[in-house]
Amino acid sequence: MTTNTSTANPTTAHLTEVTEEPRLNFAKTAPKVFRALVGFDAAAREGLDPALVELIQIRASHLNHCAYCLHMHTNDARRAGESEDRLHLVAAWREARHFYTPREQAALALTEAVTLIADAGVPDDVYTEAAAHFDERELAQVLSLILTINTWNRVALATRMVAGTDGR
């Protein structure tokens, strides 16, 4: 990364420019691993509401600061009919609970706990609340989805994938 030191526009002089090319093409360089992740992701989504899938992926991507995945999943959510209000507020869902069902709130809380696991683990109250809204199979699916998006975020960030270039 290089810092933009241009003073032509003082309001943007502080912004950081990111190299426009990824460090490596993960799918091409590690095709077996990539296919395994794609399979894991597909298996994790099975039986889950597509809107819930996107909310989980968006929230984890916020927490991980993954612009590539945020761009992809907010666009996917829009194409699936998600409202702009819910997309804009998911980062602050606790202050806008009325936009999300109790089930979605439980999934978002679990997403945050698992994504930020090094901070405090997964608190019992967060897990218990999620277990109250999902049966064991669904809870395993939600947990698997959280694990996959965290993996995808790390792949995108480590390889410096550029937002808007997913080519889908």
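The values are calculated or read from the model by the stated rules, or taken from the named source; none is laboratory data. Everything quoted here is computed from the prediction, not taken from an experiment. Using ideal geometry, Cβ is built from the backbone for each residue, glycine included, and neighbour counts are taken over all protein chains shown. Just the protein is used for accessible areas: all its heavy atoms, side chains included, with ligands, DNA and RNA removed. Shrake-Rupley method; radii C 1.70, N 1.55, O 1.52, S 1.80 Å.
Odds and ends about this structure:
- Check on Thr128, in a helix (DSSP H, G or I), within 18 Å of the chain's Cα centre (by Cα) and of a type in the set (Ser, Thr, Tyr): no
- Matching residues in the stretch 151-164 - criterion: being within 11 Å of the chain's Cα centre (by Cα) and more than 13 Å from His73 (Cβ to Cβ): Thr151, Arg154
- The helices (runs of 4 or more DSSP H) found wholly in the stretch 17-111 and carrying at least 3 residues that are open to solvent by less than 70 Å² (accessible area, probe 1.4 Å) and touching a residue at least 24 places away in the same chain (Cβ under 8 Å) occupy 31-45, 50-63, 67-79.
- Among the residues making up the stretch 112-139, those that are closer than 24 Å to Gly39 by Cβ and either touching a residue at least 12 places away in the same chain (Cβ under 8 Å) or open to solvent by 50 Å² or more (accessible area, probe 1.4 Å) (or both) are Val114, Thr115, Ile117, Phe134, Asp135, Glu136, Arg137, Glu138.
- Selection from the stretch 145-168 of residues that are of a type in the set (Ser, Thr, Tyr) and open to solvent by 40 Å² or more (accessible area, probe 1.4 Å): Thr151, Thr165
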